[in-house]
Amino acid sequence: MHPDYSFLKPGKPPKIESPLKVGIAPTSEFTLMSLAGFVEFLRLASDETDFSRQIYCSWDLLSHNFDPIVASCGFPIIPNKLFGDPEDYDYIVIHGGILHGKADYPKALCDYLKVAVDAGIPIIGLCTGQFLLAALGLLDGKRCAVHFSLVSVMKQTFPGVIPVTNTPVVIDGQYISCPGGLASINLAMHLVDKNCGKSRTQKALHYLMADRGFEEMHANRDQDDGNLLCLNKTVANAVGLMRQRMFETCTIAEIAHDVGTSERELTRLFRQYLRIPPAKYWREIRLNSAHWMILNSECSITQIAYECGFTDSSHMIYWFKRVYNVTPGKLRKLHMDFGAH
């Protein structure tokens, strides 16, 4: 059974040439969220409501063959067009993903990119696509948007590149970069705004966000973190790394290095903005996670200690009791007894 939705059919489209044409070349193990956010914004900006006609914006998924390209989550996508003349597009997007993947960049992609550069087409590095641009020597001496967790990797591998973490879109000459994630929507907004006008941008944003703007999303995200939006950027990035490296063997000195400062300076900033040393703050993050797992999982105390980054269960139990005035085992038993009643 299929209900009759014929009344939703679109009217006759305007006869115009798309003012924004984008060719997207994903690399193996690209990030699906970045691609989806970017393309969905173009789709909504391109037509009225969500009819998906490529009127004001058009896009192609490019590759050297029609073999599926597998995202980092394991989902495959199939290109709809082969590399051809890059001048068919206003922008070429190189969309990367995890850096430690096994597949090399295809030679055909590198060759196509060089042709596009020579033709003067603006090149966009999305997520980690800018690492390919850097590998080809295209970003030497240029500013480049990089996810804060990859700054140290960029500096170590390509010291001639100037990484930027405090803005979602960076433009330096012919090259545009975006760290991916939700920032891919910012990237699409920039392109639509510049090439199609603010009305297209506002239409897509309103439809996509359903009246909930980026500011409100960030506020919701940071409610439990002492309003990190108001903090020093170095502190916010350090906290982000702490959350990413929950069960890694990592020191405060390494965290400081990866956010571009010293352990001493990071400690000073944490005391200034959070009124707590970074080691204590990180331990509280781990303990909060352990507390939740004690109450909401069936994992053993040993497993929880491992997953929350403690050296062993005794270490976790010691700090757990100091903070919560009860051992993890007793807290779990009390919780189970209470639930039974």
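So what is the diffusion coefficient of the chain in µm² per second by Stokes-Einstein at 4 °C and 1.567 mPa s, using a Kirkwood Rh over Cα pairs?
Stokes-Einstein gives a translational diffusion coefficient of 57 µm²/s.
Compute the signed sum of charges (Lys and Arg +1, Asp and Glu -1) over the other residues within less than 15 Å, Cβ to Cβ, of Ile162.
+1
What is the Cα centroid distance between the range 38-56 and the range 264-338, reported in whole angstrom?
Value for the Cα centre distance between the two parts: 46 Å.
Of all the stretches in the chain, which is the longest one without any exposed loop site, taking chymotrypsin sites (Phe, Trp or Tyr not before Pro) in a DSSP loop (any state but H, G, I, E, B) with at most 13 other Cβ atoms within 10 Å? Walk me through the numbers before you get to the answer.
Details: sites that count: Tyr5, Phe66, Phe247.
Longest gap between qualifying sites, sites excluded: 67-246.
Counting only DSSP beta bridges with both residues in the chain, what percent are antiparallel, rounded to the nearest 5?
Numbers: 6 of 29 bridges.
Bridges in the chain are about 20 percent antiparallel.
Check each of the trypsin sites (Lys or Arg not before Pro) in the range 268-341 and keep only those in coil by DSSP with at most 12 other C-beta atoms within 10 angstrom; list them in order. Each step should come with its number before you reach the end.
On the way: sites: Arg268, Arg271, Arg275, Lys280, Arg283, Arg286, Lys321, Arg322, Lys330, Arg332, Lys333; in loops: Arg275.
Taking the range 268-341 and a limit of 12 other Cβ atoms within 10 Å, the loop trypsin sites (Lys or Arg not before Pro) found are Arg275.
What does the charge count around Tyr89 come to, taking other residues whose C-beta lies under 14 Å from its C-beta (Lys +1, Arg +1, Asp -1, Glu -1)? Intermediate results must be reported in sequence, preceding the final value.
Values: positive: Lys21, Lys81; negative: Glu17, Asp60, Asp85, Glu87, Asp88, Asp90.
Once all neighbours under 14 Å are counted, the net charge is -4.
Where a number appears in this text, it was derived from the coordinates with a stated rule and is not lab data. Because the structure is a prediction, the values reported are computed rather than measured. All Cβ positions, glycine included, derive from the backbone under ideal geometry; neighbour counts span all protein chains shown.
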